[in-house]
Amino acid sequence: MRHTLLVCLFALMGCTGARTLTILHTNDIHGHFMPERASWRSDSAMVGGFAALSGALDSVRRADKLSIYLDAGDLMTGNPICGKVVDDVEGGALLNMLRLCGCDAGCLGNHEFDLGGDHVERYAGTKQIDLVCANLVDITSGEAICPPHKIIERDGLRIGVIGLLLTDLAGVTSKQAIEDFNVLDIAGSAQLAIDELDPQTDLIVLLTHNGYDSDKELARAVHGCDVIVGGHSHTRLSEPVIENGVLIVQAGSYLKQLGVLEVTVKKDRIESHRGSLVELDAARFRPDQNVAEYVQPFADEIEREYGTVIATASAPITRRYNQSSPLGNLICDLMRNHYVTEFAITNSGGLRKDIAAGPVRKLDCLELMPFVNSVTLFEATGADLQTFATRQAEALLADDREILQMSGLEIQFDASGRAAENVTVLVNGSPIEPDRAYRGVSIDYVLVSQAEKYLGFTPRNLEGTGVLFSEFLMQAFASATQPLTGPEESRLIRRNP
């Protein structure tokens, strides 16, 4: 970063000696405000939640004189608390929890848009915490939705924090939710903000909701920033990654870990660093009393509303992003049978939680499908389904691309390298007829908001049912006469694996 008159003045005041700052960070909390059983631990300990977070933050702050706490977005969507109106905004309780935990700045994530544009306006205008975003503007006025950045001062050390949202917001959010906004190029917006803050600060942090791989690209595309605190990809970086001289950190998801990055700053640059993730073991950290007392009534209310057991699972029913999954097969089978259609499809990314063996509650259904999506009927020709099948095969070959879960359809293909060949489609065991219309069922997000991304064709004769996907799931599970099981078979098959 450039030395300026202001930096020189700080030097005269003795502020350019080596200083150590601890950057505490979270991301992709998704409404997980209470501790949950840690399935990855042999003792199934309770891990996560804001109470444990407050205790972990306090323990670090007691040891480290200079610290800041940042959150990298997607606070919303994942639990009924996200829909509760507090301080005139859905998700206001979560914002208050961040405030009580001493969050110095947060950025917007794509799931902050799940409740629509009006909600985004209210959310971005919150007074609970300082939200920053340098590349989201009103499409009509061109004005920023919230401040682009913030300067935080700690005992003379000045830290510039710039908020940034992924450029391809349209690819992961419903069209209706973002029609009033314009998302500017993330690298260009970042550089403009860096150039503005550089003369005023000792350290520049990009607080991004952009994804780990994209953050590495961003680090290569800009100059003058020191740290990227990221989110969106739910990546657990046990230690910082250095890309083009920039430290990149991310702390997984669902408030199970607290990221801790310690940097030593001297003469406007980072001299040394160390970073780690701290698991938020509820038994380990003594919570701040104010946080614990604020959180508990919401937990009690949600338990009263959604704690009812409606079904039983005979074994764990799991999801997968790039393959057919037992959970995807089960849900699509239930939709196809209930609505008496020839096939059913839904996006893998919409399934946000596995079903554990044992009792299944209403809350499990809402956490599994937390989005405000409606079940929708439609038609597709055989030719449309052939296009869809080719796109599915290509997604499977790409390894990291999302496929759609299916029922009533079986897709088989050959492949040499990344190219799908000899793609065939069966509808309930029979080859497709190109000109015939087939009746299907899915959700409005797949059929309306992201049809080009997922289908490759425009669905015909859309018919909304008015039933939320989560409500359908609760009803279907409650109607089951046997314990729930997830069909294991693959419905997207590469013949020459």
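The values are calculated or read from the model by the stated rules, or taken from the named source; none is laboratory data. What you see is a predicted model; the values in this text were computed from it and never measured. Note: ideal-geometry Cβ built from the backbone for every residue, glycine included; neighbour counts use all protein chains shown.
Here are some notes:
- Residue pairs whose Cβ atoms lie under 9 Å apart, sitting 6 or more positions apart in sequence or on different chains, and linking a residue in the stretch 73-88 that is closer than 14 Å to V295 by Cα to a partner that is assigned to a strand (DSSP E or B), are C82/E90; K84/E90.
- Test for I242: is it buried (at least 24 other Cβ atoms within 10 Å of the Cβ) and over 20 Å from E112 (Cα atoms): no
- Yes/no for T390 being of a type in the set (S, T, Y) and either more than 16 Å from F343 (Cα to Cα) or crowded, with 17+ Cβ neighbours inside 10 Å (or both): yes
- Candidate set from the stretch 99-124 (those that are within 17 Å of the chain's Cα centre (by Cα) and of a type in the set (A, V, I, L, M)); member that is nearest to G349 (Cα to Cα): L115
- Which listed residue is charged (D, E, K, R), within 27 Å of F371 (Cβ to Cβ), without any contact (Cβ under 8 Å) to a residue 40 or more places away in the chain and surrounded by 14 or more Cβ atoms within 10 Å (Cβ to Cβ), from E471, E452: E471
- Annotation note: of D333, D414, D399, the sole residue that is on the phi > 0 side of the Ramachandran plot and of a type in the set (D, E, K, R) is D399.
- Close pairs (7 angstrom Cβ cut-off, 6 or more residues apart or separate chains): surrounded by fewer than 13 Cβ atoms within 10 Å (Cβ to Cβ) in the stretch 411-439, of a type in the set (D, E, K, R) and not in a strand (DSSP E or B) anywhere: N428/E342
- Number of residues in the stretch 196-235 that are surrounded by fewer than 23 Cβ atoms within 10 Å (Cβ to Cβ) and either touching a residue at least 60 places away in the same chain (Cβ under 8 Å) or in contact with a Pro (Cβ under 8 Å, 6 or more places away or on another chain) (or both): the value is 5.
- Of the candidates D384, D364, the single residue that is in a helix (DSSP H, G or I) and free of Cβ contacts under 8 Å to residues at least 12 places away in the same chain is D364.
- Qualifying positions in the stretch 119-138 - outside any loop (DSSP other than H, G, I, E, B) and either touching a His at 6+ places or on another chain (Cβ under 6 Å) or not acidic (D, E) (or both): H119, V120, R122, Y123, A124, L131, L136, V137
- For T381, the stated conditions hold: it is crowded, with 16+ Cβ neighbours inside 10 Å, of a type outside the set (G, A, S) and in the same structural domain as G429 (by TED's automatic domain parsing).
- Subset tally (residues that are among the β-branched types (V, I, T) and part of a strand (DSSP E or B)) for the stretch 323-361: 4
- Residue match in the stretch 131-150 (condition: within 16 Å of I68 (Cβ to Cβ) and touching a Pro at 6+ places or on another chain (Cβ under 7 Å)): yes
- Residue among A292, A219, A251 that is in the same structural domain as N79 (by TED's automatic domain parsing) and out of contact with any Ser or Thr (no Cβ under 8 Å at 6 or more places or on another chain): A219
- Test for G142: is it assigned by TED's automatic domain parsing to the domain that holds N79 and more than 20 Å from the chain's Cα centre (by Cα): yes
- Qualifying residue in the stretch 266-277 (condition: polar (S, T, N, Q) and in contact (Cβ under 8 Å) with a residue 60 or more places away in the chain): no
- The one condition from (1) surrounded by fewer than 22 Cβ atoms within 10 Å (Cβ to Cβ); (2) in contact with a Lys or Arg (Cβ under 8 Å, 6 or more places away or on another chain) that T140 does not meet is (2).
- For the stretch 147-168, the set of residues classified as surrounded by fewer than 21 Cβ atoms within 10 Å (Cβ to Cβ) and either within 21 Å of the chain's Cα centre (by Cα) or modelled with pLDDT under 95 (or both) consists of D155, G156, T167, D168, listed by residue number.
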